[in-house]
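Written below as structure tokens is the structure these notes are about.
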2 protein chains.
Amino acid sequence: MSPRAINARTRLLESARDVIRAKGFSATSVDDLCKTAGVTKGAFFHHFKSKEELGVAAADFWSETTAALFAGAPYHQPDDPYDRLIAYLEFRKDLLAGDLPDYTCLVGTMAQEVYDSAPAIRDACHASISGHAMTLVPDIRAAMAARGVSGFTPESLALHTQAVLQGAFILAKSGNSVSFAQDSVDHLIRYVSMLFSQSREEKK
Amino acid sequence: MSPRAINARTRLLESARDVIRAKGFSATSVDDLCKTAGVTKGAFFHHFKSKEELGVAAADFWSETTAALFAGAPYHQPDDPYDRLIAYLEFRKDLLAGDLPDYTCLVGTMAQEVYDSAPAIRDACHASISGHAMTLVPDIRAAMAARGVSGFTPESLALHTQAVLQGAFILAKSGNSVSFAQDSVDHLIRYVSMLFSQSREEKK
DNA sequence: CAAATTACCAACCGGTCGGTATGTTTGCAA
DNA sequence: TTGCAAACATACCGACCGGTTGGTAATTTG
């Protein structure tokens, strides 16, 4: 790929990431993206055969960049799987900074909009959310085993953390304040810490 | 208001409720709504001065109809506030039936899309979510007092339940399966039951 | 009952949408 | 140097968008 190609295609994907998070997928026009990326419409349709294909590519791009972000994050350092899980949630809470469109989730936003009109985008969004959740499963499974916790699957708890985060974004958007999201993540952290607390044998 | 008016305006709001939940706000055209409601575009702009005003009216309509639904629901019957709270969550889980667009939340869908392009709609959505959440606060507060639970506000827990539900809808849509939502509500019920379990004094 | 108001309609408007047709430029290989 | 494909740019299209128009029919009001 030539240097020019890297710039145009990548800049379009970065523009999609930013503009779609702010305006939504449907309300974002191809011209919007071209203008933001500083390319022409011809370049757009050279790299993506349709707006829908860009949506899929944007979801995949999101998967890759967020995977790199989380892989390099410090929450993997604790030795205990449970501590790593809590550190992950604290890390997610710390990410709730800056302007609203900067910390919300591209694929959560898109999935809601296109789930019945663009199945390909929806599937890419699901793969992104689910794929990220699955990175938590080994630690959840190990923590459950180490502390004798049962009654649910590791996968369901991993997905539940993502559900809380997605819901927290919606509350933050509608209420126009990040504090709604922070409060919900606090409840999630409390839930996980209670799930794995040593005194669970006390439950009736 | 004349019979004719009731029909056209209400049918437009009902169409908005159904079509927007399926396609999203931006992707829903005024012509779509008119065709679904069986009225002309002139009638649409007679009742609503803009598409945005319809969005606000649809959010308000949603608030009213869901308030009536929950007011008449059976989860208010238990004598204990905690039991009522659990019954509410079970009721929400029972509502997860039928096709996806039938049980998802109109205002959660809209808020995500329009939060920076149509503040009036966003505020109406927030009022709807928040207003419904606040109906849970008295029971949460009473349950906290009765069982000596503290460490968070009743309001934050009420909003957290809505965050989980909104996030559950996103997972259900992206994964195209209601089971994702049901699993998350199960985790929420487990969280609430642990919060108010009698053995909480065991916590370290 | 006449006047005013509301409810509604069909046709239409300027503008924007996603997408295409047809170039021109660039980088690289032979 | 030339050939050639990929990487862009320009100009444009038909369809559709939200919204407006001028008008008619029904209802309410004094």
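The values are calculated or read from the model by the stated rules, or taken from the named source; none is laboratory data. Since the model is a prediction, treat every value here as computed from it, not as a measurement. Cβ placement follows ideal geometry from the backbone for every residue including glycine, while neighbour counts extend to all protein chains displayed.
A:Gly98 falls short on exactly one of the conditions (1) more than 16 Å from DNA strand C (Cβ to nearest atom); (2) at negative phi; (3) more than 14 Å from chain B (Cβ to nearest Cβ); (4) part of a loop (DSSP other than H, G, I, E, B), and that condition is (2). Against the list (1) in contact (Cβ under 8 Å) with a residue 12 or more places away in the chain; (2) within 14 Å of another protein chain (Cβ to nearest Cβ); (3) surrounded by 17 or more Cβ atoms within 10 Å (Cβ to Cβ), the condition B:Pro81 fails is (2). Going through (1) within 12 Å of DNA strand D (Cβ to nearest atom); (2) in a helix (DSSP H, G or I) one by one, A:Glu14 falls short only on (1).
Which ones in the range B:1-19 are away from chain A (no Cβ under 14 Å) and either more than 11 Å from DNA strand C (Cβ to nearest atom) or at pLDDT 90 or above (or both)? Within the range B:1-19, B:Arg9, B:Thr10, B:Arg11, B:Leu12, B:Leu13, B:Glu14, B:Ser15, B:Ala16, B:Arg17 meet the criteria. Of the residues making up the range B:25-67, those that are within 11 Å of DNA strand D (Cβ to nearest atom) and at positive phi number 0. Confirm whether A:Ala22 is more than 12 Å from DNA strand D (Cβ to nearest atom), away from every other protein chain (no Cβ under 14 Å) and assigned to a helix (DSSP H, G or I). Answer is no for this residue. Would you confirm whether or not the range B:61-72 contains a residue that is over 30 Å from B:Met144 (Cα atoms) and within 16 Å of DNA strand C (Cβ to nearest atom)? Yes, because at least one residue in the range B:61-72 is over 30 Å from B:Met144 (Cα atoms) and within 16 Å of DNA strand C (Cβ to nearest atom). All of (1) touching a residue at least 40 places away in the same chain (Cβ under 8 Å); (2) touching a His at 6+ places or on another chain (Cβ under 7 Å); (3) of a type outside the set (S, T, N, Q) hold for A:Lys173 with one exception: (2). Could you list all residues from the range A:26-47 that are near DNA strand C (Cβ under 7 Å from one of its atoms), of a type in the set (Gly, Ala, Ser) and over 25 Å from the mean Cα position of the chain (by Cα)? If the condition is that a residue be near DNA strand C (Cβ under 7 Å from one of its atoms), of a type in the set (Gly, Ala, Ser) and over 25 Å from the mean Cα position of the chain (by Cα), then A:Gly42 is the only one that fits.
From the list A:Ala16, A:Ala22, A:Ala43, A:Ala57, the lone residue that is surrounded by fewer than 20 Cβ atoms within 10 Å (Cβ to Cβ), farther than 30 Å from A:Asp186 by Cβ and in contact (Cβ under 8 Å) with a residue 40 or more places away in the chain is A:Ala57.
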